[in-house]
Each structure stands twice: as structure tokens, then as C-alpha cells.
1. I need the full set of residues from the stretch 37-69 which are assigned to a loop (DSSP other than H, G, I, E, B) and in contact (Cβ under 8 Å) with a residue 60 or more places away in the chain, in order please.
2. Among (1) in contact (Cβ under 8 Å) with a residue 60 or more places away in the chain; (2) more than 14 Å from ligand 2 (Cβ to nearest atom), which single condition is residue 130 missing?
3. Is it the case that some residue within the stretch 35-42 is open to solvent by 60 Å² or more (accessible area, probe 1.4 Å) and over 30 Å from residue 329 (Cβ atoms)?
4. Looking at the structure I just gave you, is residue 302 open to solvent by less than 10 Å² (accessible area, probe 1.4 Å) and not aromatic (Phe, Trp, Tyr)?
5. Quick one: what pairs do we get from the stretch 70-82, first residue in a strand (DSSP E or B), second open to solvent by 30 Å² or more (accessible area, probe 1.4 Å), C-beta under 9 Å, 6+ apart or different chains?
6. Go through the stretch 7-65 and give me each residue that's acidic (Asp, Glu) and closer than 15 Å to residue 78 by Cβ.
7. Could you pull out the residue among 101, 107 that is open to solvent by less than 10 Å² (accessible area, probe 1.4 Å) and more than 16 Å from ligand 2 (Cβ to nearest atom)?
8. Which of the residues that make up the stretch 188-204 are outside any loop (DSSP other than H, G, I, E, B) and surrounded by fewer than 19 Cβ atoms within 10 Å (Cβ to Cβ)?
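The values are calculated or read from the model by the stated rules, or taken from the named source; none is laboratory data. In this text, all values refer to a predicted model and were calculated from it rather than measured experimentally. When we count neighbours, we look across all protein chains shown, and the Cβ atoms used for this are built from the backbone with ideal geometry, even at glycine. Heavy atoms of the whole protein, side chains included, go into the accessibility calculation; ligands, DNA and RNA do not. Shrake-Rupley method; radii C 1.70, N 1.55, O 1.52, S 1.80 Å.
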Amino acid sequence: MKLLVTGGAGFIGSNFIRYWLKKYPNDKIVNLDKLTYAGHLSSTKDFSDNPKCTFIKGDICSSELVHEIMKAIDIVVHFAAESHVDRSIVGPATFVKTNILGTQVLLDAAVKNKVKRFHHVSTDEVFGSLPLNSKAKFSEKTIYDPKSPYSASKAASDHLVRAYHNTYGLDITITNTSNNYGPYQDPEKFLPRMITNLIDDKEIPIYGDGKYVRDWIYVEDHCRAIDIVLQKAKVGETYLVGGLTKDVNNLQIAKKLLKIFRYDESYLKFVKDRPGHDRRYAVNWSKIKLELGWKPKYDFDTWLERTVEWYKYNEWWWRPIKKEAEKLYAKTGQK
Ligand code: NAD
Ligand code: DAU
């Protein structure tokens, strides 16, 4: 099998390639990544010499390049995107270009070259926001109601993927997954930002009242879910993928981290809220469990601690990129 992985120098993409090469050592992978501020060759260092994996620096919006690459591809796993909500608020244009136009360019090339499967990696944020203190959860039947430029662009890309299945018969699958955490996540995102601040003995910035709820999934569980969908799912299907069954809010997570670091609550710093901040996400992942037999393996408390350990032992990876992340928050005033 020959896979095209887009965005394989990013957080989840690089973890996915690592996972795949280990599990399917005979497969070949082409990693197409533009190396934006969020793409780091350092995240691919441990497999960059693997002859089964080729790296191409390029933009998914470049039709000619994408068509050329697609000629020899069986399966596309599409991660490449602008992925950070705060950046989409500061500058939505690149989100529209990469997430919508880029996806459409890939879909066109996939149809033309008759790829066997186009798997689209999407987010639970396309469903909007749930009320606090309710039992409601997102499911595959929830109506799309994205609230940020990021989630709106991802929602548009999901619609395009389904439209290409319906109109041109492209064999697609989609996963909408919750907040991933684990190694190689950019320190601009919540958990790595908190962890790297604490390593540096700095306060941790909590947006608004901190009572915002996300569903958290360890990145390897997400990679395994994509694998199972590729192996077992019916073409055209969508699966929601999540990690938790009970709500935990940002403030509670920040306190878990303070406990791990043995710091007191004076390290909490309440800062300006994110405009249009979605209150709560919760994911009902029973379809993938019942139909494909997937469920998360890694429990949050244990793997949060292991993630902290990873950041402690891998300063070589995050230190060079931490400054860039903090530049964003100097702009937004969330420091
Ligand atoms: P990331 O920001 O860490 O990585 C994105 C990668 O895409 C980077 O390597 C970047 O260089 C590359 N890229 C960006 N624009 C490109 C372009 N025009 N052409 C080629 N490459 C380009 O993102 P992530 O957190 O790893 O997320 C990967 C995917 O998973 C995204 O589609 C995101 O929407 C989705 N997702 C993420 C999460 C999460 O919690 N991180 C949850 C659900 C879904
Ligand atoms: O739900 C899946 C989504 O999760 C993915 O589609 C996105 O690509 C990914 O970035 C993530 O989006 P969030 O906006 O939920 O993640 P972020 O890490 O930016 O923020 C998580 C929560 O923490 C959110 O409620 C905002 C809050 N936050 C974030 C930062 C960076 C803080 O309180 N302080 C911070 O410094």
C-alpha cells in the first residue's frame, strides 16, 4: 500500500506516520507538508531516514504538485490544515484557503487518479457548542453548527468530502475527533502551553472563568481509530472519536497539572477570554465502538502525567518553537 499523508510534520500527522510505519513496515508513505509555523521537521526526526517514508515540502493548494503526487497513491489520510482556533480569529483567510480550497484540490486529484480511499481527519468543533451541566453529547446525527472561522472551514471541508463521494463516487471516510494530547503538540495549544510554562516556573493562562469543557483523547488512540476506520469501515461513513465519558473543565485540568508539578494555585492566571469561546464539547463515540470495536486505551490521568514527562525530557523539541507560540498571545493579549 502507498499512503499520502498530508500534514505529516504536524502534531497528529507525525504521530500517525510513526504509528503506521511501526505497524505496517512494508507500506510506503509520502508525507506532503508545507512546513508552516506548525510544521516541524524535528517532529519527523526519528523516521526521516526510513526509506519507506518520503517527505515532500509543498502546499496542498498547489494543484499541479498534488496531481503529480496522487498518481502513485492508494490511500490518502488528510491531516494538513490550519488547526488553531485563536489564530483563526486573528487571521481567518489562510484557514479558508488551506482547509477548504486545499481539501478540494486533494479531492479532485484523488478522483482523477482513482485512489482507493480518501480519509478526512476532522474535528468535533464542527458541531458547535453544548450547554454546561447538561448530559448532551455530539453524535454522527448532530447538525453542523460551527462557531469559529476554524470550525467553519473544517465544516466546509467535511461537506466537500461527502459531496465528492455523492457526486463522483470517491471512496471516502471521515473521523471527527476531540482534543488530542501527547508528544509533539505545538506549545501554542492548551496542554503543552501549560506544561511548558510550568517547566519554566511561569504562571498558566486560563481563558475567562476556566469552566470550558473539552473531550480529551491521547493521540495514539486517535491514530488507532483512523487505522481501524481504514481497515474496517464502510465507505462513505463518518465516525466520532473521543476519549472521555465524564466532563472535565480547563480549570480542573490546570489543577491536575499543578498537582503533578507540586505547585500551588498562585500559578493560575485568569486572562481575557477567547471571542466566541465554545462552552462545552462532549463526544458520543458509541458508533465506532459498536460497529468497529474501537475504544480508547489510554486513560487521561496516567497519560497526562506521561505527556508532562515527555515535555520534561524533550526540551530540544519544544524550546525552539515556544517563542513563536507566545508571539501570538502577545498579539491577542492572552498572556
Ligand atoms: P497541526 O497544526 O499540528 O499540524 C498541521 C500540519 O499541516 C503542519 O505540519 C502544517 O505545516 C501542515 N500544513 C498546514 N497548511 C498546509 C498546506 N497548505 N499544505 C500542506 N501542509 C500544510 O495540526 P494537528 O493538531 O496535528 O491537526 C491535524 C488535523 O487534525 C487537522 O486537520 C485538524 O483540524 C484535525 N484535528 C485536530 C485535533 C487536535 O486536537 N489537534 C482534533 C481533531 C481534529
Ligand atoms: O476539539 C478538537 C479541537 O481541539 C481541534 O479541532 C483543534 O485543532 C484543536 O486546536 C483543539 O481546539 P481547542 O480550541 O479546543 O484547543 P486549545 O488547545 O486551543 O484550547 C483548549 C481549551 O483551553 C479551550 O477552551 C481554550 C482554553 N485555553 C487555551 C489556551 C491556549 C486556555 O484556557 N488557555 C490557553 O492558554
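1. Within the stretch 37-69, 37, 38, 40 meet the criteria.
2. (2)
3. no
4. no
5. 75/1; 75/2; 75/116
6. 33, 59
7. Unique residue meeting the criteria: 107.
8. As a first pass, look at the stretch 188-204 and keep what is outside any loop (DSSP other than H, G, I, E, B): 190-199, 204.
199 - this is the single residue of the stretch 188-204 that is outside any loop (DSSP other than H, G, I, E, B) and surrounded by fewer than 19 Cβ atoms within 10 Å (Cβ to Cβ).
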